[in-house]
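The values are calculated or read from the model by the stated rules, or taken from the named source; none is laboratory data. Worth saying up front: this structure is predicted, and the values here are computed from it rather than measured. When we count neighbours, we look across all protein chains shown, and the Cβ atoms used for this are built from the backbone with ideal geometry, even at glycine.
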Amino acid sequence: MTLERILAILSGLLLLIGLVLLWRNSLSAAFVIATLGVVAWFLSYRAQLRTKMAADAPTKTDDQTDEN
């Protein structure tokens, strides 16, 4: 499993737990757990973008130089 997939699953689980805690009227715990779920989602999205940017980056060949 990739890091993006693990973080996406974790974010979904944390958000579901947050909803259960909200349903049980534990507002402080629901807020903390849901916030951790959102953070996990952002980290998953960041890892996905970082992977995509690395794949889209042009590769430097031997005949290319840094001279202008």
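Structure summary
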read-out: Conditions (1) more than 11 Å from the chain's Cα centre (by Cα); (2) surrounded by 14 or more Cβ atoms within 10 Å (Cβ to Cβ); (3) among the aromatic types (Phe, Trp, Tyr): number failed by Trp23; value: (2)
read-out: Hits in segment 1-20 (condition: exposed (fewer than 14 other Cβ atoms within 10 Å of the Cβ) and of a type in the set (Ser, Thr, Tyr)); value: Thr2
read-out: Residue tally, condition charged (D, E, K, R) and assigned to a loop (DSSP other than H, G, I, E, B), over segment 1-41; value: 1
read-out: Enumeration of residues in segment 26-60 that are of a type in the set (Gly, Ala, Ser) and exposed (fewer than 13 other Cβ atoms within 10 Å of the Cβ); value: Ser28, Ala54, Ala55, Ala57
read-out: Contacts under 9 angstrom Cβ, first residue in segment 46-60 being under 18 Å from Arg5 (Cα atoms) and free of Cβ contacts under 8 Å to residues at least 12 places away in the same chain, partner β-branched (Val, Ile, Thr) and in a helix (DSSP H, G or I), 6 or more apart; value: none
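Listed here are the residues, each with its yes/no results for (1) among the charged types (D, E, K, R); (2) modelled with pLDDT under 90.
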position: Met1; (1), (2): no, yes
position: Arg5; (1), (2): yes, no
position: Leu13; (1), (2): no, no
position: Ser28; (1), (2): no, no
position: Ala34; (1), (2): no, no
position: Arg46; (1), (2): yes, no
position: Lys52; (1), (2): yes, yes
position: Pro58; (1), (2): no, yes
position: Asp66; (1), (2): yes, yes
